[in-house]
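Working notes, beginning with the structure itself.
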Amino acid sequence: MRMILLGPPGAGKGTQAKSISNKFSIPHISTGDIFRKNISEKTPLGIEAKKHIDKGHLVPDKLTIDIIKDRLNNEDCKNGFLLDGYPRTVNQGEALKALLEEDGNSLDIALLIKVPRKFILNRMTGRRVCLSCGASYHITFNPSKVEGKCDVCGCDLVQRADDTEDTVNERIDVYEAQTQPLIKYYDDKNLLSAVDGTLEINEVFESICGILESIKK
């Protein structure tokens, strides 16, 4: 099964991707992880990507697809993959389509985890983390026993800079501007399926499994 996972920041894509990967025995391919790996290993692609990242620029589409192509050629992708973080634009979607067609393959599904902005704001702005031991909490859904203090080590809990309301709204704005056209692109090709990301984690996964199992038949 060859699939991509779409959804706004805070939709729970990472959690669901791990579960999908385990159940259907396909690799979870995160473009962020690929970039970091190539940069840390100082591969030619990683060195080139780092030049753009260090300048605060987006990595060009051509370089990104080269990195994706290199990863999809690995043996573990022979029976399929789950792409997370790519494509983000229609141009990247077209590039992925052309890449797969080179080997006589095609995408099976674009799976969208739908979550409204208000829900994302509540989920992300309420997160608190302990910088000392890394424990994570939520002021509503998973509060610490003592407000503002870590249950594990007793240190102060903080809100990460990227979890403030302004930052979260900005990230959602960027996502919507880039990815809404891509969602329509896959919908027009009858490749899009959506699940309700506001449900409990296990319920979201059950919905996803129902969709994927129907595709496999």
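Within the option set E147, E165, being in contact with a Leu (Cβ under 9 Å, 6 or more places away or on another chain), loosely packed, with under 12 Cβ neighbours inside 10 Å and under 18 Å from P9 (Cβ atoms) holds for one residue only, E165.
Residue-wise test of (1) surrounded by 18 or more Cβ atoms within 10 Å (Cβ to Cβ); (2) at pLDDT below 85; (3) of a type outside the set (A, V, I, L, M); (4) at negative phi.
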site: I67; (1), (2), (3), (4): yes, yes, no, yes
site: N79; (1), (2), (3), (4): no, no, yes, yes
site: Q92; (1), (2), (3), (4): yes, no, yes, yes
site: L96; (1), (2), (3), (4): yes, no, no, yes
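Among the residues making up region 131-145, those that are modelled with pLDDT of 90 or more and either part of a loop (DSSP other than H, G, I, E, B) or out of contact with any Gly (no Cβ under 8 Å at 6 or more places or on another chain) (or both) are L131, S132, C133, A135, S136, Y137, I139, T140, N142, P143, S144, K145. Check L63 against each of (1) hydrophobic (A, V, I, L, M, F, W, C); (2) in contact (Cβ under 8 Å) with a residue 24 or more places away in the chain; (3) surrounded by fewer than 17 Cβ atoms within 10 Å (Cβ to Cβ) and name the one condition it does not meet. The one condition L63 does not meet is (2). When the residues of region 10-51 are filtered to those that are at pLDDT below 90 and touching a Phe, Trp or Tyr at 6+ places or on another chain (Cβ under 6 Å), the one that is surrounded by the fewest Cβ atoms within 10 Å (Cβ to Cβ) is T31.
The values are calculated or read from the model by the stated rules, or taken from the named source; none is laboratory data. Quantities reported herein were computed from a predicted structural model and do not represent experimental measurements. Quick reminder, even Gly has a Cβ in these numbers, built from the backbone with ideal geometry, and neighbours come from all protein chains shown.
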